[in-house]
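**Student:** Just passing along the structure, written as structure tokens.
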Amino acid sequence: MEEKYDLAIIGAGPGGYTAAIKASQAGLKTVLIESREIGGTCLNRGCIPTKTIMHSSHLYQEALSFEKFGIELKDVQLNMDKIYDRKEEVVGKIRDGIGGLLKANKITVINGTATIAAPGILHIMPNSGEAEKSPESYELSADKILLAAGSLPYLPEIEGITLPNVVTSDELLNKPEKLYKKLLIIGGGVIGVEFATIYQEFGCEVEILEAADRILPLLEREVSQSVAMNLKKRGIKIHAKSKVVKIWEEEGLSCNYEEGGTLKTVTAEGILVSTGRKANTDGLFKAGFSLEMDRDKIKVNTDFETSVKGIYAIGDLIKGTQLAHAAAAQGIAAVEKMCGLTQSINLEIIPSCIYTSPEVAVAGLSEEEAVQKGYTVKTGKYPMSGNAKTLLSMDERSYVKVISDASTHKLLGAQIICARATDMIGEFASAIVNGLTVRDMASVIRPHPTYNEAITEAVEDIEGMAIHLMPARK
């Protein structure tokens, strides 16, 4: 039997490594077990590599438009090898930074696969790099166990889905042998529209097939429609209410799908399957041991404790928002519950960000949700066509919308579609968590010219007192 720990954490993504640091700072002897790279999906196969590549695609697209800004630049070319090398460099630097934090907090890190054999008992199979220290599998004991193993891409049962060049986001983030000149995307959720943006900006033809009646079906309809309009304006084809039937190889890849009762065919060099993610529970439990589940998710109570006392779960393993910052907050909250500490983070307001062009960010309740919950709602909206920073930057169709409670005047939610929306949404999240009113938000002086001053215009529009620094264009 190996050394005993106060807390063993399975999974070193944002939820796992954040919880480990919090636990160590709270005085718990902590071990963190990861079967792949430190940083989990977000750092290695998700948020960071996607946005790093997207930064290059944005710059490339801007370079092609430099003439509009009075800059003449000839022979702009893509170098995909350098773009992906830079992605690896960025990921590596952040991974090293996380490793440094774990070491500074005296957290034991094991590179291997962990399986729960019984309450408080983990079976560890070391990875090849750890085999020199522990060439054979061994057991490890801990008073408490936190599961933070994340999720994996979900592959629906479609004929031909395992063919070459039919890929998930994991494979698409690896350095490609070539850039697909036409990419078909099955699934118009967040992953789908972000990769659609990247490939369109790289000059590729992009087509999206979405089974629901619109892309981004979990967002307010108005937001979804605005994103769709911006994507279509860029030449991206979108087919809603479309069910994929079959994929086969024929001069590249062909795909049959049903749309409006008609069987149609589309061809592409590559097909991205972005139909969601599933909890990564395969191999997590040894035969004879189990936890109460809700389909593929682990059931937890309000303290993030599972059906077995002393075992907790967070992030993509449980029901709720599948976002890195949500998992990190849950990891901190779970450790606080274990240690009897007062919860330090409000887990109800989780901002969501989508890195299309322009960006999308939402926090709190949508207008539809607020009405369903029984609120009498007042909204304010400001089109960014009247925003000076938007005009001088030549940005796309965008707006800021604010939802408030008509009786208390408190903010309930916000939706932003504009450049830098993902940087701006934090102000609304802070306002909602702290119960700020429309007047509170309007009382702040925001600098000019900035995208941020549109927040003032939107909240003032609720009370009909907006001045509008520039008239909004029709």
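**Student:** Looking only at the range 183-218, which residues are of a type in the set (A, V, I, L, M) and either part of a strand (DSSP E or B) or under 14 Å from Lys237 (Cβ atoms) (or both)? Give the steps one after another, and end with the answer.
**Tutor:** Just the residues of the range 183-218 that are of a type in the set (A, V, I, L, M), to begin with: 183-186, 190-191, 193, 196, 198, 206, 208-209, 211-212, 215-216, 218.
Hits for the range 183-218 are Leu183, Leu184, Ile185, Ile186, Val193, Ala196, Val206, Ile208, Leu209, Ile215.
Rundown of residues vs (1) closer than 20 Å to Leu32 by Cβ; (2) of a type outside the set (Gly, Ala, Ser), yes/no style:
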{"site": "Arg95", "(1), (2)": "yes, yes"}
{"site": "Gly100", "(1), (2)": "yes, no"}
{"site": "Leu146", "(1), (2)": "yes, yes"}
{"site": "Ile158", "(1), (2)": "no, yes"}
{"site": "Lys178", "(1), (2)": "no, yes"}
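**Student:** Among the residues of the range 147-164 satisfying the criterion of being in contact with an Asp or Glu (Cβ under 7 Å, 6 or more places away or on another chain) and under 26 Å from Thr52 (Cβ atoms), which is surrounded by the most Cβ atoms within 10 Å (Cβ to Cβ)?
**Tutor:** By that ranking, first place goes to Gly150.
**Student:** If Gly100 satisfies every condition in (1) at pLDDT below 95; (2) under 30 Å from Ser56 (Cβ atoms) but one, which is the exception?
**Tutor:** Evaluating Gly100 over (1) at pLDDT below 95; (2) under 30 Å from Ser56 (Cβ atoms) leaves (1) as the failure.
**Student:** What are the residues in the range 270-294 that are surrounded by 23 or more Cβ atoms within 10 Å (Cβ to Cβ) and in contact with an Asp or Glu (Cβ under 6 Å, 6 or more places away or on another chain), if any?
**Tutor:** Ala279 - this is the single residue of the range 270-294 that is surrounded by 23 or more Cβ atoms within 10 Å (Cβ to Cβ) and in contact with an Asp or Glu (Cβ under 6 Å, 6 or more places away or on another chain).
**Student:** While we're on this one: Might you let me know whether the range 83-92 holds any residue that is in contact (Cβ under 8 Å) with a residue 24 or more places away in the chain, assigned by TED's automatic domain parsing to the domain that holds Ile311 and in contact with a Gly (Cβ under 9 Å, 6 or more places away or on another chain)?
**Tutor:** Yes, there is a match, as at least one residue in the range 83-92 is in contact (Cβ under 8 Å) with a residue 24 or more places away in the chain, assigned by TED's automatic domain parsing to the domain that holds Ile311 and in contact with a Gly (Cβ under 9 Å, 6 or more places away or on another chain).
**Student:** Which numbered condition in (1) on the phi < 0 side of the Ramachandran plot; (2) part of a loop (DSSP other than H, G, I, E, B) is the only one that Asp75 fails?
**Tutor:** (1)
**Student:** Across the range 2-47, what is the number of residues that are at positive phi and in contact with a strand residue (DSSP E or B) (Cβ under 7 Å, 6 or more places away or on another chain)? Quick ask: steps written out before the conclusion?
**Tutor:** Pass one, the range 2-47, residues at positive phi: 11, 27, 39-40.
Remaining after also requiring in contact with a strand residue (DSSP E or B) (Cβ under 7 Å, 6 or more places away or on another chain): 11.
Summing the residues that are at positive phi and in contact with a strand residue (DSSP E or B) (Cβ under 7 Å, 6 or more places away or on another chain) in the range 2-47 gives 1.
**Student:** Restricting to the range 146-205, and then to whatever is closer than 19 Å to Thr267 by Cβ and among the charged types (D, E, K, R), can you tell me which residue is farthest from the chain's Cα centre (by Cα)?
**Tutor:** Glu159
**Student:** Another question, then. Hey, among Ala148, Ala117, which residue is touching a Lys or Arg at 6+ places or on another chain (Cβ under 9 Å) and assigned by TED's automatic domain parsing to the domain that holds Pro49?
**Tutor:** Values: Ala148 fails: touching a Lys or Arg at 6+ places or on another chain (Cβ under 9 Å).
The match here is Ala117.
**Student:** Just to be sure, is Lys181 buried (at least 21 other Cβ atoms within 10 Å of the Cβ) and either over 30 Å from Gly283 (Cα atoms) or touching a strand residue (DSSP E or B) at 6+ places or on another chain (Cβ under 8 Å) (or both)? So that I can check it myself, show each step before the final result.
**Tutor:** On the way: buried (at least 21 other Cβ atoms within 10 Å of the Cβ): no; either over 30 Å from Gly283 (Cα atoms) or touching a strand residue (DSSP E or B) at 6+ places or on another chain (Cβ under 8 Å) (or both): yes.
Here the answer is no, as Lys181 does not meet what is asked.
**Student:** Please work out which residue is surrounded by the fewest Cβ atoms within 10 Å (Cβ to Cβ), limiting yourself to the range 18-70 and to residues that are touching a Ser or Thr at 6+ places or on another chain (Cβ under 6 Å) and either among the β-branched types (Val, Ile, Thr) or assigned to a helix (DSSP H, G or I) (or both).
**Tutor:** Residues of the range 18-70 that are touching a Ser or Thr at 6+ places or on another chain (Cβ under 6 Å), as a first pass: 20, 23-24, 30-31, 35.
Next, from what is left, pick out any that are either among the β-branched types (Val, Ile, Thr) or assigned to a helix (DSSP H, G or I) (or both): 20, 23-24, 30-31.
On the way: Ala20: 29, Ala23: 29, Ser24: 22, Thr30: 28, Val31: 24.
So the residue we want is Ser24.
**Student:** Another question, if that's okay. Looking at Leu102, Leu173, which one is farther than 29 Å from Leu272 by Cβ, surrounded by 19 or more Cβ atoms within 10 Å (Cβ to Cβ) and either in contact (Cβ under 8 Å) with a residue 24 or more places away in the chain or assigned by TED's automatic domain parsing to the domain that holds Ala228 (or both)? So that I can check it myself, show each step before the final result.
**Tutor:** Values: Leu173 fails: farther than 29 Å from Leu272 by Cβ.
Criteria check complete, one pass: Leu102.
**Student:** Output the number of residues of the range 425-443 satisfying the condition of being aliphatic (A, V, I, L, M), surrounded by fewer than 21 Cβ atoms within 10 Å (Cβ to Cβ) and in contact with a helix residue (DSSP H, G or I) (Cβ under 7 Å, 6 or more places away or on another chain).
**Tutor:** Within the range 425-443, residues that are aliphatic (A, V, I, L, M), surrounded by fewer than 21 Cβ atoms within 10 Å (Cβ to Cβ) and in contact with a helix residue (DSSP H, G or I) (Cβ under 7 Å, 6 or more places away or on another chain) number 1.
**Student:** Let me ask you something else. Name the pairs: first residue in the range 391-404 and farther than 14 Å from Ala454 by Cα, second residue assigned to a helix (DSSP H, G or I) and aromatic (Phe, Trp, Tyr), Cβ to Cβ under 9 Å, at least 6 apart or on different chains?
**Tutor:** Hits for this filter: Met394/Phe69.
**Student:** Out of Glu194, Glu177, Glu159, which single residue is out of contact with any Cys (no Cβ under 9 Å at 6 or more places or on another chain), farther than 20 Å from Ser56 by Cβ and acidic (Asp, Glu)? Let's see the steps before the verdict.
**Tutor:** Values: Glu194 fails: farther than 20 Å from Ser56 by Cβ; Glu177 fails: farther than 20 Å from Ser56 by Cβ.
Answer to the selection: Glu159.
The values are calculated or read from the model by the stated rules, or taken from the named source; none is laboratory data. It should be emphasised that the depicted structure is a prediction, and the values quoted were computed from it without experimental measurement. Because the Cβ atoms are built from the backbone with ideal geometry, glycine has one as well, and the counts that use them run over all protein chains shown.
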